[in-house]
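Some notes on the structure that comes next.
The values are calculated or read from the model by the stated rules, or taken from the named source; none is laboratory data. These figures come from a predicted structure and were not determined experimentally. All Cβ positions, glycine included, derive from the backbone under ideal geometry; neighbour counts span all protein chains shown.
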Amino acid sequence: MRNLLAHVSGSGEAQRSREIYQTSTMSALLDGVYEGDVTIGELLEHGDFGLGTFNRLDGEMLILDGVCHHLRADGSAHVAGRAEKTPFAVVTRFTPDLTIPVTSASDQAAVTELIDQAAGSANVICAIRVTGTFGRVRTRTVMAQSPPFPPLTEATKGQRETTFTDVTGTLAGYRTPDFEQGVSVAGYHLHFVDESRRHGGHSLGYRLDHGTIELSVRSEIHLSLPRTRQFLDSNLTGGDIAAQIRRTEGG
C-alpha cells in the first residue's frame, strides 16, 4: 500500500499532471442544472480520462485515451463532437500507479475489495480502469430532458437499462471519498464501453471473468463552477443529498 500512496508526492508540473479537473457539482445535477458552459474540446485540455454527462442530460460520457465517448439511452456509443457541452464531468490524465491482474471470475464486491486494499486509504481519489472480459455488465443510460428540467431523481426514472453478457470492454471511473458527497459522487462511479467502443453505459453491476485493474491515486482537485444563470439561481443544499445520489446512481 505504501508504494501506491507514495506516488502522490511530487511538485510542479508532475503534480499538476495528476490533478482532478471537475466542472460543476453533483448537487447541481441533482437540482436539474443540465446546461453547462464547458465544451468537450475545453474539457479534453484538462485530461484524457474521465466521465460525466452531456447538456440536457443527453446520455453518459466516458473519456478513454483522450477520446470522449457519448453513450446514449439505446445503449449505443459514438465519439462526441468537440463543440458539445457538459453540465458535469470529472477528468484527469491517467497514468497507472498499480496494476492488478484478475485471473478468475470476480463479482463487483470482490473487485471493489481488491481496489480498496490496494488504495490503502479511503481519503484519496482513485482513478480506475478495468479492462477485460466480463461475464455480465448491467448498465443504464439517462435520456435527454426538456425544459423545465426535472430534478435528477425524477429524470432517472425513465432511464434505459441494458445488460451485456460475455463482453470484452473497459469499465472506468473513480472511487471518491465519502466527504466529497454532493460535490462529486462518493464511493464508486463507473461507466462501461465495449471493445468496439460502440456500446456502453453507466455501470449498475458487473462480473469480471478475467482482466486487469489499473489504479491511479489523485489528491489535487480543481473545481470549476459554471457561471450560467441556472447554476447561480439553484438551491444546492436542499434535501438528503446522499440518499438522492444513491437513487440516481442505482445504489
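Just a few scattered comments:
- Some residue of the stretch 148-170 being touching a residue at least 60 places away in the same chain (Cβ under 8 Å), of a type in the set (G, A, S), within 14 Å of H202 (Cα to Cα) and in a strand (DSSP E or B): no
- Within the option set A122, A144, A186, being touching a Pro at 6+ places or on another chain (Cβ under 9 Å) and within 23 Å of L57 (Cβ to Cβ) holds for one residue only, A186.
- Considering each residue of the stretch 54-77 in turn, at least one proves to be surrounded by fewer than 21 Cβ atoms within 10 Å (Cβ to Cβ) and β-branched (V, I, T).
- One residue alone among A105, A77, A73, A122 is in contact with an Asp or Glu (Cβ under 6 Å, 6 or more places away or on another chain) and either touching a residue at least 12 places away in the same chain (Cβ under 8 Å) or of a type in the set (F, W, Y) (or both), and that residue is A105.
- One residue from R16, R82 being modelled with pLDDT under 95 and of a type in the set (K, R): R16
- In the stretch 40-69, the residues that are on the phi > 0 side of the Ramachandran plot reach residues that are acidic (D, E) with C-beta atoms within less than 6 angstrom, at least six apart or across chains, in these pairs: G66/D48.
- The residues of the stretch 231-242 that are surrounded by fewer than 18 Cβ atoms within 10 Å (Cβ to Cβ), at pLDDT 90 or above and in a helix (DSSP H, G or I) amount to a single one, L232.
- The residue that is farthest from L98 (Cα to Cα), among those in the stretch 190-210 that are in contact with a helix residue (DSSP H, G or I) (Cβ under 9 Å, 6 or more places away or on another chain) and surrounded by fewer than 20 Cβ atoms within 10 Å (Cβ to Cβ), is L204.
- Within the stretch 51-127, strands (runs of 3 or more DSSP E) holding 2 or more residues that are within 29 Å of L225 (Cβ to Cβ) and under 13 Å from the mean Cα position of the chain (by Cα): 60-64, 67-71, 89-92
- Criterion (buried (at least 20 other Cβ atoms within 10 Å of the Cβ), closer than 24 Å to V67 by Cα and not hydroxyl-bearing (S, T, Y)) met by exactly one of I245, I221, I213: I213
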